[in-house]
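Have a look at the structure below, then the notes.
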Amino acid sequence: MRAVTVTPGVPDSLRLTDDWPEPAAEEGAILVEALAVGVCGTDQEIIEGHYGEAPPGQQQLVLGHESLGRVLEDPSGTLRPGDLVAGVVRHPDPVPCPNCAVDEWDMCRNGQYTEHGIKGLPGFARDRWRVQPKFAVGLDPVLAPVGMLLEPASVVAKAWDHIERIGNRAEWKPQTALVTGAGPIGLLAALLATQRELSVHVLDRATTGPKPDLVRALGATYHTGTVDELDLDPDVVVECTGAPVVVLDAMCKVGPAGIVCLTGVSSGGRTIDFDAGALNRALVLENNVVFGSVNANRRHWNQAADALARADQSWLNSLITRRVPVREYAQAYTPTGEDIKVVLDFAA
Ligand SMILES: [Zn+2]
């Protein structure tokens, strides 16, 4: 069968293979036919050789962690043939650490977790894959064209889950949310904010392209320029750029008792002049919280599946700016700068 693979650590080793072996029975009871995988920045880093780890004893890693498939067979009876399904990306570490021991693998403490298509587990960019019932998330049939957005949506669902847990340390009546960055994560973070009936503001550099209209279609307000210039006092900031200046401005901008959730991974190495004492003073005197958030556990995947099913499906569809047939796989992994989400289509 077909599979899109890389040799981790070897730049430009991206290949489409026609004779990849069928998924091993040990991978899980549920056999799935791939419909699509989403492409993201992590895939690019793996392709460039900066990241990624093949399964033990293997040279190649199947790419793809943003999955969507259709169940072919499930002897466990969890799902029915024909059901839409996505596979949870991260699996708990084998030790396990205290968090993985209770299936909070998104909070793994020892870093020995594994991840499909990233770290030690084969990805979903292959014609068929298997999954254990515990890691199989069933999707509403309406999500057939867009269900590969479930993985990025799960990341955002976790961010909001933790924002709310932190907010509830005291009386919590948030009204205004600011999202920095209007890529897939930022737009999905804004979607979940509007579902919470917050007044939502999204800031991005783009002045053209689809982002301004996608934000307005949510009933949110689109901004360009700097965070500092905004005439806002947000209760929550979801930071999705990882750009150092934006991150620091977000920490300074958040209102009293505010929460800043950082989701962007910065590359590091760039330094900027910055008054750390003033930031400390602002955080202390306003009871503000700044926290990082990554990945998602099963609870968040379920929350994300509900959130996507409730969303305007045509809006979700417009996040997918290119659908590339598998045989033209290299195009899917070539960024254009115009894309929001690119999808590799296994059904085409
Ligand atoms: Zn762990």
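The values are calculated or read from the model by the stated rules, or taken from the named source; none is laboratory data. Please read these numbers as outputs of a predicted model, since none were measured by experiment. Glycine gets a Cβ as well: all are built from the backbone with ideal geometry, and neighbour counts include every protein chain shown. What goes into the accessible areas is simple: the full protein's heavy atoms, side chains included, and nothing from ligands, DNA or RNA. Shrake-Rupley method; radii C 1.70, N 1.55, O 1.52, S 1.80 Å.
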Subject >> Percent accessible area from carbon and sulfur atoms, the range 224-348, protein chains only, probe 1.4 Å >> reply: 49
Original post:
Among 303-316, 56-69, 159-172, 178-191, how do they line up from the highest to the lowest mean number of other beta-carbon atoms within 10 Å?
Top reply: 178-191, 56-69, 303-316, 159-172
Original post:
Residue by residue through the range 294-311, which ³J(HN,Hα) values in whole Hz follow from phi under the Karplus form 6.51 cos²θ - 1.76 cosθ + 1.60 (θ = phi - 60°), with glycine and proline marked x?
Top reply: 8, 6, 6, 9, 4, 4, 6, 4, 5, 4, 5, 4, 5, 4, 5, 5, 7, 6
Original post:
Helix 244-253: angle to the longest alpha-carbon principal axis of the chain, degrees 0 to 90, nearest 10?
Top reply: 50
Original post:
Roughly what % antiparallel, to the nearest 5, for the DSSP beta bridges in the chain?
Top reply: 50
Original post:
Taking amide hydrogens as modeled 1.01 Å from N in the peptide plane, which residues meet the under 5 Å criterion relative to His223, leaving out close sequence neighbours?
Top reply: Val202, Leu203, Asp204
Subject >> Residue-averaged 222 nm ellipticity for the chain, from DSSP H runs of 4+ at -39500 (n - 2.57), nearest 500 >> reply: -7500 deg cm²/dmol
Original post:
Using modelled backbone amide H atoms (1.01 Å from N, in-plane), which distant-in-sequence or interchain residues come within less than 5 Å of Leu63's amide H?
Top reply: Val4, Thr5, Val6, Gly123, Ala125
**OP:** Please say if the chain is rounded, prolate or oblate, where rounded means a/c under 1.5 for a ≥ b ≥ c the square roots of the C-alpha gyration tensor eigenvalues, and otherwise the choice is prolate for a/b larger than b/c and oblate otherwise?
**Re:** prolate
Original post:
Of the residues Val326, Val71, Val284, which exhibits the maximal mean-square fluctuation in a Gaussian network model of the chain defined by a 10 Å Cα contact cut-off?
Top reply: Val284
Original post:
Which value, in Å², gives the accessible area per residue of the chain when a 1.4 Å probe is used on the protein heavy atoms?
Top reply: 44
Original post:
When you count, for each residue, the other Cβ atoms within 10 Å and take the mean per peptide, how do 24-33, 249-258 rank with the highest first?
Top reply: 249-258, 24-33
Original post:
So, with +1 on the Cβ of K and R and -1 on the Cβ of D and E, and no other charges, what is the size of the charge dipole of the chain about its Cα centre, to the nearest 20 debye?
Top reply: 320
Subject >> Lysine pairs within the chain, Cα separation less than 26 Å, 8 or more sequence positions apart or different chains >> reply: 11
**OP:** Report, in degrees rounded to the nearest 10, the 0 to 90 angle that the Cα long axis of helix 276-285 makes with the longest principal axis of the chain.
**Re:** 80
